Every structure is written in C-alpha cells, then in structure tokens.
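J.: Take this structure, written in structure tokens, and hold onto it; I'll ask about it next.
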C-alpha cells in the first residue's frame, strides 16, 4: 500500500488550571492511536494531565505573508489600551 | 520573484535572525536555509534512531532489573527524540517517508559514533557518560537556534539527556569500584570510546566547511574545536574520579591556556567511518531497514483498519 499515516498535532495540558499547549506533532493511523502515541512521545515524565490530538489537515492557519493587512486593523486602535486615557495622578486604583 | 526582490527578502531575513527573532515554518526563508535545516535536523533525528541499536544489544543482558529498566527508558527516550526531531523537520516541507528513505538509501548521514560496536556491558556506561556527554555539549546551544520548531524540540531533548549521562556514569562508577576485572572492563570501554567521542564534534575548524554559515543562522554558537575542548576539560576530571586513564599520552593540563592539551585525532579513521567503512555501518543499516520493511504490514493494517472504521462511522451517520 505504501501510504504514510496522517500527521496529528498534539496539545497537552500540563496541569489543571493551565490551558492545553501545542507540544509537537506525530503520525498515527487514527485518533485513538494518535492519543496513545502522544502519551508515549510527549508525556513520558508526567508532563500532562490531558491531551488533545487534532489531525493537522483540519487546522486552518493564517499566512505570515498576509500579516501586514491581517493584523493591521488592531494597530491604529490605541484607544483599546488603558494608557490611552489621560487621568490625573491623584486618581488611585485605576 | 526577481533576483533583486529575493536579495531584499534575504537581507530582511538575516536581520531578523541577527535580532534574535525566531523563524517559524510558514515564514519566508532562503532555500539554502531550508535545505541546511532539513539536512541538519534529519541527520540529528537519524542519529537518535540509529543510536538505539548499539544500546539495544544489551537490553536482554543488563546485569540487574534496575539497569535494564533504566536502559529501556533511555532507549525509549532516544526514539522520542528522533520523533520530536522528525516532526520538526517535516515542518520544512519534507515528508517522513522521504526522510526515512534518505536514511535507508544512505543519502543522509547519522552520527558516526553509532557505527562502533558495544562489546561489553561497560560500553553502555561509556556511551551514556561520553557519547551522551558530548551530545549534550553539542545540543545545549541548539535550544536557542533560529528555527523555532528545532529550538523547541531541543529544549525537550536536553531536559531528558541529563538522565542518560548520569545513568552511564553511574554504571562506570559501579564497575570502577568493583573487582579488578570489572574495573579493567571500564578502562577498556574508555579506551575504545574516547577517540570516537572526540570525533563527534566534527572536523577541526580549519577543515569545517559549514561553520561560518551555521554560526550566522545560530545552528552553531561555538566552533567544533571550542566544543571539543570544553568536552575534554570537563570529562578528564570525571575520569580521574573513576580512577581510570584517558588513552592519550599527550593529554596534559596547560596552565597557561587554562585547558587540557591533547593528542592528534585520527581523522583518517573519522572519514573512513563517515564514508561507510566503520566496524558496524552495514550492520546498523541492515537492522534499521529490516525493522522498517518487516513493519510495513503493521502500518498498512493499521491504516486499513482506520479507513474501515471511518467508513463505518459515515454509514452510521447517514
């Protein structure tokens, strides 16, 4: 048959209270195998309490070459930041 | 893209690296950067994978359950390191099958050290102490290299390597405190692994063709000779603690330099082994290719099973 197993992205929650973080990727025939492999490859030393695996082909990513126009709209909106607003020094706790 | 535009992009790219910015897979990069990284990361991955073979030789003959469990865990780590690195390499647009094919066809290289045989149990100690010790020195600077996926893989690898070196040194220490025969076994392993370990840092700076470019891209932070010196300086006192002798009559502390002076490395041997004439080159590739070929039906069956289940689920949903 000579076909490569699909690629999966692995996300691990290191401990409760933290978000799942991208740890890397691996090949597996299906989701169940991807989970088992992810455990063996990325959590051999108790690095996680929860694992997500997502087939890489299901991820839609933004393209770095479009970054200027893609992220531009946020750049000129300084009024979204607290420091934009001028308040007298006497005002405390704000 | 015109040549001028490429030159311009290249200038911006080099500037980003000079500013310690990381490069991520989808970023524009010069073709040479891509190819150099594919070569280096895949060589590194292949070395981890082939590195399991000399150690695998001793799993069934480890002298105690404690040693056996540790050796198995170490070998499993090497497999893990190979996998981290292969997937980092694949982000550069090469498939896993292509990478394996390059290894199996002999097109890609792996670290020559694994073409030496593991003749006694002491060799497992010497590998952990010297080979993993040298690997750590080579690898630590890579945690900060410019290509993001490689740097992240290396952070994980380096965290795990320290156990490898300590378990190796502990094996040596136990042998050196044992019977005269056991100590002689440790000495013999040091005799055989010392020079090949020094060769792991690659040719001398004068002979090294990639150093300048690799420095720029932060694939290297120190030159081969600097790293080799660092290894010698830190390893010789460890041999002293073991009470065994480094097999180099020219080895001598140089007060003025603040480093050990050492003898001439046999570069003919190094190039022989690189070119495929080491004691175990053929055996290693034969074992590797055979494992890959004999596993093919398992890979195919797993995929067929996954496809069948996927179809079943679609039917159920209809």
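Each value in this text was obtained by applying a stated rule to the coordinates, not by laboratory testing. These numbers were taken from a predicted model, which means no experiment stands behind them. Neighbour counts are summed over all protein chains in view; Cβ atoms, including those assigned to glycine, are modelled from backbone coordinates with ideal geometry.
J.: Between B:72, B:303, B:119, find the one with the highest GNM mean-square fluctuation for chain B; connect C-alpha pairs within less than 10 Å.
T.: Of the options given, B:303 has the highest mean-square fluctuation.
J.: Follow-up. Compute the acute angle (0 to 90°) between the alpha-carbon long axis of helix A:31-42 and the principal axis of greatest extent of the alpha-carbon atoms of chain A; round to the nearest 10°.
T.: Compared with the principal axis, the helix lies near 70 degrees.
J.: Normalized C-alpha radius of gyration of chain B, against 2.2 N^0.38 Å?
T.: Against the compact-globule rule of thumb, the ratio is 1.12.
J.: Obtain the radius of gyration and the Kirkwood radius of the protein assembly as shown from its C-alpha atoms and give Rg over Rh. Please list the in-between numbers first.
T.: Numbers: Rg = 24.9 Å, Rh = 24.2 Å.
Ratio value, two decimals: 1.03.
J.: A further question follows. In a Gaussian network model over chain A where Cα atoms closer than 10 Å are linked, find which of A:65, A:55, A:32 has the largest mean-square fluctuation.
T.: A:65
J.: Something else about it: Enumerate the residues in the range B:286-303 having an amide nitrogen under 14 Å from the point lying 7 Å beyond the Cα of residue A:40 toward its Cβ.
T.: In the range B:286-303, the label zone of residue A:40 (backbone N under 14 Å from the point 7 Å along Cα→Cβ) covers B:295, B:298-299, B:302.
J.: Also, quick follow-up: Compare A:72, A:47, A:19 in a GNM of chain A, Cα atoms joined below 10 Å, and give the one with the largest fluctuation.
T.: With Cα springs under 10 Å in chain A, the top fluctuation among A:72, A:47, A:19 is at A:72.
J.: Then there is this: In percent, what relative contact order does chain B have, based on Cα pairs under 8 Å that are 6 or more apart in sequence?
T.: Computed value for chain B: 18 percent relative contact order.
J.: Let me ask something else. Which values of log₁₀ I(q)/I(0), to two decimal places, follow from the Debye formula for the range A:7-80 at q = 0.24 Å⁻¹ with a uniform point scatterer at every Cα?
T.: -0.98
J.: What's the extension gain from residue B:10 to residue B:32 if we count 0.36 nm per residue and subtract their Cα-Cα distance?
T.: Working: separation 22, 0.36 × 22 = 7.92 nm, distance 1.06 nm.
Working it through step by step, the gained length comes to 6.9 nm.
J.: Spin-label point model (7 Å from Cα, Cβ direction): what's the residue B:174 to residue A:18 distance in nm?
T.: The two pseudo-label positions are separated by 3.3 nm.
J.: Can you sort B:318, B:285 so the residue with the fewest Cβ neighbours within 10 Å comes first? Each step should come with its number before you reach the end.
T.: Numbers: B:318 5, B:285 19.
Ordered from fewest to most neighbouring Cβ atoms within 10 Å, B:318, B:285 come out as B:318, B:285.
J.: Let me ask something else. List the relative contact order of the range B:231-284 as a percent without decimals, with contacts defined as Cα pairs under 8 Å and 6+ residues apart.
T.: The normalised contact order for the range B:231-284 reaches 21 percent.
J.: Quick one: Debye curve from the alpha-carbon atoms of the range B:110-212 only, equal weights, vacuum; give me log10 I(q)/I(0) at q = 0.17, 0.18, 0.22, 0.23 Å⁻¹ to two decimals.
T.: -0.83, -0.90, -1.13, -1.18
J.: Right, next: Sticking with the crude label model, points 7 Å out along Cα→Cβ, report the distance from residue A:89 to residue B:79 in nm, one decimal please.
T.: 6.6
J.: Looking at the range B:19-139, what % of the alpha carbon pairs are farther apart than 20 Å? Could the numbers behind the result be given before it?
T.: On the way: 3529 of 7260 pairs.
Counting pairs separated by more than 20 Å, the tail of P(r) holds 49 percent.
J.: For a label point 7 Å from the Cα of residue A:56 along Cα→C-beta, name the residues of the range B:83-113 whose backbone N is under 16 Å from it.
T.: Answer for this model: B:83-101.
J.: Here's something else I'd like to know. Compute the Kirkwood hydrodynamic radius of the range B:181-291, taking the inverse of the mean of 1/r over all pairs of distinct Cα atoms, and give it in Å to one decimal.
T.: Working: mean 1/r = 0.0618 Å⁻¹.
About 16.2 Å for the range B:181-291.
J.: While we're looking at this one, here's another question. Per-residue ellipticity at 222 nm for the protein assembly as shown, helices alone: DSSP H runs ≥ 4 residues times -39500 (n - 2.57), over residue total, nearest 500 deg cm²/dmol?
T.: -18000 deg cm²/dmol
J.: What is the distance, in nm, between label points placed 7 Å from the Cα along the Cα-to-Cβ direction at residue B:68 and at residue A:69?
T.: Distance between label points: 6.5 nm.
J.: Sticking with this structure for a sec: With an 8 Å Cα cut-off and a minimum separation of 6 or more residues, compute the relative contact order for chain A in percent. Mind showing how you got there, number by number?
T.: Numbers: 100 pairs, mean separation 25.4, N = 94.
It comes to 27 percent, rounded to a whole number.
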